[in-house]
1. Can you tell me what share of the DSSP beta bridges in the chain is antiparallel? A percent to the nearest 5 is fine.
2. Expressed in nm to one decimal, what extension gain is obtained for the pair residue 69 and residue 34 from 0.36 nm per residue of sequence separation less their Cα-Cα distance?
3. Taking 7 Å along the Cα-to-C-beta vector as the label spot, tell me the residue 92-residue 108 distance in nanometres, rounded to one decimal.
4. Rolling a 1.4 angstrom probe over the protein chains, ignoring ligands and nucleic acids, what is the accessible area of residue 62 in square angstrom, nearest 10?
5. Taking R0 as 41 Å, what FRET efficiency do you get between residue 3 and residue 82 from their Cβ-Cβ distance, rounded to the nearest 0.05?
6. Skip the ligands, DNA and RNA, and give the accessible area per residue of the chain with a 1.4 Å probe, whole Å².
7. Counting pairs of alpha carbon atoms under 8 Å apart in space and at least six apart in sequence, what relative contact order in percent does the chain give?
8. So, with a 1.4 angstrom probe, what is the percent of accessible area on the chain that is carbon and sulfur?
Amino acid sequence: LCVPECPSDPDYYAFNHSTLKGLCLLFCPVSPTVYYRHNVTRECLTDCPGPLYFRDVINMLCVTECPPYYYAETINQICVLNCSSNNKYGFNGTCYDICPNNLNADPTTFLCV
């Protein structure tokens, strides 16, 4: 059955497959390419629309806030466990080049303290 948009109860997401064209899926594919569910547009996307959305690799969602204990990395628009991979420092759910609020960068934990 062809529909103009995927049903929202239960949550389906539009996936634009190269040969099958538009499909409505409960879960976006993760192999061979990783796709993330975008709850606003109800689509499966390989990249979340920046700069407001980040790829949540735990829940496979495009999110505006990363899950607890994860930090928003703006270079790659992804949620990371620590900010050390890009020599940044984590504070309040975000990775920073320079720590805000007169905090100091801890080079061993890569956190603003």
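The values are calculated or read from the model by the stated rules, or taken from the named source; none is laboratory data. In this text, all values refer to a predicted model and were calculated from it rather than measured experimentally. So basically every Cβ, Gly included, is an ideal-geometry build from the backbone, and we count neighbours across all protein chains shown. What goes into the accessible areas is simple: the full protein's heavy atoms, side chains included, and nothing from ligands, DNA or RNA. Shrake-Rupley method; radii C 1.70, N 1.55, O 1.52, S 1.80 Å.
1. Restricted to the chain, the bridges split so that about 80 percent are antiparallel.
2. 10.4 nm
3. It is 2.6 nm.
4. That residue has around 10 Å² of solvent-accessible surface.
5. The pair residue 3/residue 82 has a calculated efficiency of 0.45.
6. Using a 1.4 Å probe on heavy atoms only, each residue of the chain averages 66 Å².
7. Relative contact order, the chain: 13 percent.
8. After summing per-atom areas, the C and S share lands at 56 percent.
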